[in-house]
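Enquirer: Pasting in a structure now, in structure tokens, and then I'll have a few things to ask.
Rule-based calculations on the coordinates, nothing more; no lab input. Only a predicted model underlies this, so the values are computations on that prediction, with no experimental measurement involved. All Cβ positions, even for glycine, are placed from backbone atoms using ideal geometry, and neighbour counts span all protein chains on display.
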Amino acid sequence: MTVLSVQNLKMYYKTSAGEVKAVDGLNFDIGEREVLGIAGESGCGKSSLASTLLKLLPSNAEIKEGKIIVEDADLVSMKDSDVRRNVRWTRIALVPQGAMNALNPVFRVGDQIAEAIMAHSNVSKADARAKTETLLKLVGIDPARGRHYPHEFSGGMKQRAMIAMSLALNPKILIADEPTTALDVIVQAGIIRLLLSVKDEFQTGVILISHDLALVAQMSDKTAIMYAGKFVEYGASKEVYKNPLHPYTLGLLGAFADIRKPKEALTSVPGSPPDLIDPPSGCRFNPRCPYAEEVCRTDEPPLVEAFPGHSVACHFWKEIRAQRSQKT
Ligand SMILES: Nc1ncnc2c1ncn2[C@@H]1O[C@H](COP(=O)(O)OP(=O)(O)O)[C@@H](O)[C@H]1O
Ligand SMILES: [Mg+2]
């Protein structure tokens, strides 16, 4: 069953220099207990997408087009106050990027979670406390630690506490934006295991956002590769990881090595994502693409299904694939 359906979603920021096209025509569906991973470098619009899905947007942001369908209701046309009341926390919850630093240093962690629960539901203080203990246990924190202050928590524990808070009202979709960034590898693995267990225990769909494609591909059912506000590749995670089709995906996987000097092979993609006020014409990746031809500078490649369930937006995916398979 589809719990979230996103159709041609566009969200731009107004700035004095022009419109920043941060989310520029995205389409995807998420089913119950499905994990969608979204990977791409910093500045590609991942966090903007996350906040758009909850309409948690700054005043200069505008949803230009598209639909965000949750249980037959379109959040784009819904009043913000209704989204706040009926969707956030209960249908879709977000653990924002850098969330673990959002805990207030002067309040006990357990109290902060209980406060959040009371702010978003009609429960007594005692019930909120009890719920907090259950949630802490569920995310692997001794409920007694709820009496401690944020500075007494490790980074991993703070992240667990934020995940606990986000689950307070049994959301259908949990969005975790860079949940493991700034954590060491072992703690990262624990957080990932936690998110996967949450998915089974709460029957929650998960959107996992990270700049780390290997991590995303490992833990998601489907992976979307985001570049300059668009999905350039989308498919079953195994396919995207093992059989990457878009040059940007190849770059993220360090698979440009064969066409560049060995020394450069360590950096994944040379250059940086474009200015989203005035992105390159044609394919937005063309200035960084080792395979780019004239048509890439003039015509934008549509996202097309290359194989069943595996889509790519590149004029030359077939040629690149053929060339790569010759080499191996
Ligand atoms: N409030 C804002 N006003 C204008 N531009 C913004 C705002 N927030 C983010 N951006 C721009 O939107 C683009 C996408 O940013 P973001 O969604 O944070 O990317 P990511 O999460 O992939 O790193 C960037 O160019 C960023 O500078
Ligand atoms: Mg981000």
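Enquirer: Most mobile of Ala217, Ala189, Ala17 per a Gaussian network model of the chain (Cα springs, under 10 Å)?
Expert: Ala17
Enquirer: A further question on this structure: What does the helix-only formula give at 222 nm for the chain: each DSSP H stretch with n ≥ 4 adding -39500 (n - 2.57), the total divided by the residues, and the result rounded to the nearest 500 deg cm²/dmol?
Expert: -9500 deg cm²/dmol
Enquirer: A follow-up question, please. Just Ser51, Ser59, Ser16 to compare: in a GNM of the chain, with alpha carbon springs under 10 Å, which one fluctuates most?
Expert: Judging by the Gaussian network model, the answer is Ser16.
Enquirer: State, as an integer percentage, the relative contact order of the chain based on alpha-carbon contacts under 8 Å between residues 6 or more apart.
Expert: Working: 635 pairs, mean separation 64.3, N = 328.
Answer for the chain is 20 percent.
Enquirer: Using a Gaussian network model of the chain whose springs link C-alpha atoms within less than 10 Å, name the residue from Phe307, Phe231, Phe28 with the highest mean-square fluctuation.
Expert: Looking only at Phe307, Phe231, Phe28, the largest GNM fluctuation is found for Phe307.
Enquirer: Specify whether the C-alpha gyration tensor of the stretch 108-209 places it in the rounded, prolate or oblate class, a ≥ b ≥ c being the square roots of the eigenvalues: rounded for a/c under 1.5, otherwise prolate if a/b is larger than b/c and oblate if not. Provide the component values of the computation, followed by the final result.
Expert: On the way: a/c = 1.98, a/b = 1.23, b/c = 1.61.
Oblate, since a/c reaches 1.5 and b/c is not below a/b.
Enquirer: Read phi for every residue in the stretch 47-55 and hand back ³J(HN,Hα) as whole Hz from Karplus 6.51 cos²θ - 1.76 cosθ + 1.60, θ = phi - 60°, with x for Gly and Pro.
Expert: 5, 4, 4, 4, 6, 5, 4, 10, 6
Enquirer: How high is the relative contact order of the stretch 268-313, in percent, with contacts defined as C-alpha pairs under 8 Å that are six or more residues apart?
Expert: Details: 42 pairs, mean separation 12.7, N = 46.
Relative contact order, the stretch 268-313: 28 percent.
Enquirer: Kindly work out what percent of the DSSP beta bridges joining two residues of the chain are antiparallel, to the nearest 5. Working shown, then result.
Expert: Numbers: 32 of 51 bridges.
Antiparallel bridges: around 65 percent, rounded to the nearest 5.
Enquirer: Report, in listed order, any pair from Lys14/Lys67; Lys64/Lys158; Lys10/Lys199 with a Cα-Cα distance greater than 25 Å.
Expert: Working: Lys14/Lys67 20 Å; Lys64/Lys158 35 Å; Lys10/Lys199 28 Å.
Over 25 Å apart, Cα to Cα: Lys64/Lys158; Lys10/Lys199.
Enquirer: Which Rg and Dmax, in Å, describe the Cα atoms of the chain?
Expert: 20.6, 66
Enquirer: Same structure, new question: So for the pair Gln218, Asp200, with labels modelled 7 Å out along Cα→Cβ, what separation do we get in nm?
Expert: Using points 7 Å along Cα→Cβ, the separation is 1.8 nm.
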